[in-house]
Amino acid sequence: MRRTATALLTSALAAGGIAGLVPHASAAEPIVPRDLTITVTGLGPEKRTCRVDADLYVPRGVDAAHPAPALLVTNGFGGDKTDQAGLAQGFGRQGYVTLSYTGLGFVDGDLCPITLDDVEHDGAAASQMLRFLGGDPSVVAIDDRTKQRVVVDQVVREDAAAAATGNGKGKGNGNGKGNGNGNGNGNGKGQEKKTAPTYDPQVGMLGGSYGGQIQFATAAAERRWGTDRLDAIVPTITWNDLAYSLAPENSALPGSTAAAGSVSSTGTGVFKYQWAALFTALGAISGVQDLQALADPARWQAFTQRTCVNFEPEVCRALAEVAVQGYPSQASIAFLRSNSVASYMGQVRVPTLLMQGQADTLFNLQESVATYTALKKQTDVSLVWQSFGHSDSTPAPGEMDLSNPESTYLGKQALAWLDHYVRGQGPKPAPTFSYYRDWLADEGPAAAYARTSSYPVGSDRSFYLSGTSTPLADGALVTDPGQVQPGVSSYSGVAPIGPNYTETSFLDQSGPVTDPAGTAIRFSSARLSAPMDVVGSPRLTVQLTSPAVAVTQRGGPVGQLVAYAKVYDIGPDGKTVELPHRLISPVRVTDVTKPVTIELPGIVHRFEAGHQLAVVLAGGDLAYRGATLPQPVSLVTGPGSVQKLTVPVV
């Protein structure tokens with residue numbers, strides 16, 4: 001029933017971009033999972049108890065006498081444990097035991113609410129499941145078929161060997177696993193004689209979107225408790241700061257760029273209402289389908305009131321604020337940020353293979369840059385920009401299939417990462433930044449991916465915004481500041497939502513982008529004489545003029561200027577417009593009387609010879625909740641102006 005009711009909504013969310021990876025047929029006999037109910041306790045300040053629906057996959061030949069490393073995985077938003085069945089089979093053939101579980105708040109017959117992958121609830125629950133994989137008998141797990149208690153003894157223990165010999169597989173200080181003497185890349189713990197078991201398995205985590213953020217929350221929970229059982233993670237297309245994801249503000253980033261290590265703006269962002277509405281509907285559907293667990297009126301009241309129909313109450317508060325005032329309050333921003341790795345980055349010391357989607361209007365590439373930059377200071381980390389994401393969940397042929405990780409480009413990388421850091425086999429992966437070039441797609445992923453040692457890459461190329469001698473024409477982008485001509489370009493936002501169109505969440509990526517007359521201004525380069533490859537985030541520095549907004553901005557966010565910056569690829573006919581992966585950059589400018597620098601979305605895009613590069617400022621967008629009142633804006637160009645577009649070119 002859930003699959004029928006939510007097929008449309010979950011198509012891009014259920015497994016965070018890996019739901020679309022349909023398991024391929026395999027000649028190997030499939031692993032029959034053991035259906036478990038695991039009770040996790042003491043979650044959050046409420047000391048909540050939740051029953052978790054889980055499947056345990058143990059490969060053939062793995063037993064107490066022949067233990068194997070393990071993986072802990074969970075679903076994307078709106079999914080359940082079965083979404084990871086292909087992954088469990090694929091990594092099972094590589095010798096990994098897998099525990100796949102349904103995340104808190106989703107369809108499992110339990111009434112614990114969705115807590116947005118926070119450390120105190122979701123991370124603590126996952127931490128207890130790590131203990132379960134380590135053989136801790138105090139974690140109660142019941143086989144749903146036999147009704148018998150289950151204690152894992154098929155997974156390699158790292159504390160067991162150390163306790164017995166003082167010479168086990170100790171862990172390093174967050175930069176990797178220790179060797180047999182516990183030295184590793186840091187001060188391993190193998191030489192410490194354990195006086196009590198910590199139930200520490202050889203274990204890693206991987207998964208996407210909601211199933212990616214949980215990995216950070218688990219690592220932080222483990223670090224807070226001083227256990228550090230988690231050996232490696234592979235989070236895919238997930239967020240850095242949920243406040244930025246759902247209400248981005250790209251004109252007040254710390255250091256003016258995500259490459260400084262943060263997207264946590266000091267201002268109030270522009271609400272991404274369509275994505276938020278989809279999440280809300282999906283969470284409510286999950287709660288409704290757990291109604292069989294409601295046996296009395298008191299439980300119904302708790303479900304509808306105290307948990308805000310399957311969510312923590314703060315989620316509904318944020319939605320109500322936007323509906324009434326048009327933007328989230330600082331309290332809601334703080335709540336969303338607290339459910340994000342940005343708020344506890346220093347506690348994540350686990351080797352991380354971070355993958356982010358180029359086709360993703362929900363969690364953009366800037367979020368991965370912020371996470372990657374921060375993690376580089378404290379652990380081993382590599383960054384991959386893959387071709388697919390929430391806005392297009394289909395990988396390129398041969399790119400990724402976690403049900404056959406050994407046969408695909410990114411699957412091999414994930415397997416190599418886990419084999420080294422979890423299993424302790426294979427060479428240490430070199431830290432890299434890699435990105436997918438779709439203009440080489442026909443040559444296969446090995447050719448389409450470029451690899452370098454770190455991000456950022458390339459060098460900046462500057463274009464200056466200029467007026468033109470042709471009345472009513474677009475402005476121009478010129479490469480020589482001495483060529484800048486005087487001019488005035490004007491536009492106005494006319495409605496809180498739209499009328500400009502870029503994308504509609506993940507549901508529609510086919511319609512042409514549109515900017516009705518008077519709602520946007522555009523500055524275009526001359527036709528390019530050679531291809532220009534852009535890898536990273538362009539930056540736009542402008543001085544805007546709006547006397548009306550200069551007055552209303554004194555009243556706070558409701559009166560501040562809302563604008564949307566974007567980069568277009570204009571075809572040789574001058575009419576065909578491509579907005580790379582539908583990505584735009586919303587801003588809420590706190591002071592329109594001062595110059596502002598806007599970081600545009602990260603892209604990997606080739607502007608072909610004969611095409612034009614264009615930068616656009618618009619007053620509205622159908623995917624966002626903008627300003628309530630019309631906001632007339634003008635941009636003046638001329639000698640000495642600060643109007644400039646900087647593009648990272650490889």
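The values are calculated or read from the model by the stated rules, or taken from the named source; none is laboratory data. Given the structure is predicted, the values throughout are model-derived calculations rather than measurements. Cβ placement follows ideal geometry from the backbone for every residue including glycine, while neighbour counts extend to all protein chains displayed. Remember, those area values only see protein heavy atoms, side chains included, never the ligands or the DNA or RNA. Shrake-Rupley method; radii C 1.70, N 1.55, O 1.52, S 1.80 Å.
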Checking Thr552, Thr576, Thr597 in turn, the sole residue that is within 26 Å of the chain's Cα centre (by Cα) and surrounded by fewer than 24 Cβ atoms within 10 Å (Cβ to Cβ) turns out to be Thr597
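Results for (1) closer than 23 Å to Val650 by Cβ; (2) among the hydrophobic types (A, V, I, L, M, F, W, C); (3) in contact with a helix residue (DSSP H, G or I) (Cβ under 6 Å, 6 or more places away or on another chain), shown as yes or no for each residue.
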{"residue": "Thr590", "(1), (2), (3)": "no, no, no"}
{"residue": "Thr597", "(1), (2), (3)": "yes, no, yes"}
{"residue": "Leu600", "(1), (2), (3)": "yes, yes, no"}
{"residue": "Ala618", "(1), (2), (3)": "no, yes, no"}
{"residue": "Tyr624", "(1), (2), (3)": "no, no, no"}
Could you list all residues from the stretch 514-549 that are assigned to a strand (DSSP E or B) and free of Cβ contacts under 8 Å to residues at least 40 places away in the same chain?
Thr514
Can you pull out every residue in the stretch 604-631 that is open to solvent by less than 10 Å² (accessible area, probe 1.4 Å), modelled with pLDDT of 95 or more and of a type in the set (A, V, I, L, M)?
Val604, Leu613, Ala614, Val615, Val616, Leu617, Ala618
Filtered residues of the stretch 343-362 (kept if buried (at least 24 other Cβ atoms within 10 Å of the Cβ) and out of contact with any strand residue (DSSP E or B) (no Cβ under 7 Å at 6 or more places or on another chain)):
Val348, Thr361, Leu362
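Here is a yes/no grid of residues against (1) closer than 26 Å to His390 by Cα; (2) among the β-branched types (Val, Ile, Thr):
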position: Met532; (1), (2): no, no
position: Val551; (1), (2): no, yes
position: Ala565; (1), (2): yes, no
position: Asp569; (1), (2): yes, no
position: Pro572; (1), (2): no, no
position: Ile584; (1), (2): yes, yes
position: Lys594; (1), (2): no, no
Under 7 Å by Cβ, and 6 or more places apart or on different chains, what pairs join a residue from the stretch 251-277 that is surrounded by fewer than 21 Cβ atoms within 10 Å (Cβ to Cβ) with one that is of a type in the set (Asp, Glu)?
Ser256/Glu599; Ser264/Asp241; Gly267/Glu249
Where the second residue is assigned to a helix (DSSP H, G or I) and among the aromatic types (Phe, Trp, Tyr) and the first is within 16 Å of Pro248 (Cβ to Cβ) and lies in the stretch 334-348, which pairs have Cβ atoms under 9 Å and are six or more apart or on separate chains?
Leu336/Tyr244; Arg337/Tyr244; Ser340/Phe216; Ser340/Tyr244; Ala342/Tyr244
Of everything in the stretch 579-594, what is of a type in the set (Val, Ile, Thr) and either at pLDDT below 95 or surrounded by fewer than 21 Cβ atoms within 10 Å (Cβ to Cβ) (or both)? Give them in sequence order.
Thr590, Thr593
Is it the case that Gly559 is open to solvent by less than 60 Å² (accessible area, probe 1.4 Å), over 25 Å from Gln325 (Cα atoms) and out of contact with any Leu (no Cβ under 6 Å at 6 or more places or on another chain)?
no
Would the stretch 415-427 turn up any residue that is open to solvent by 10 Å² or more (accessible area, probe 1.4 Å), over 25 Å from Leu133 (Cα atoms) and either assigned to a loop (DSSP other than H, G, I, E, B) or aliphatic (A, V, I, L, M) (or both)?
yes
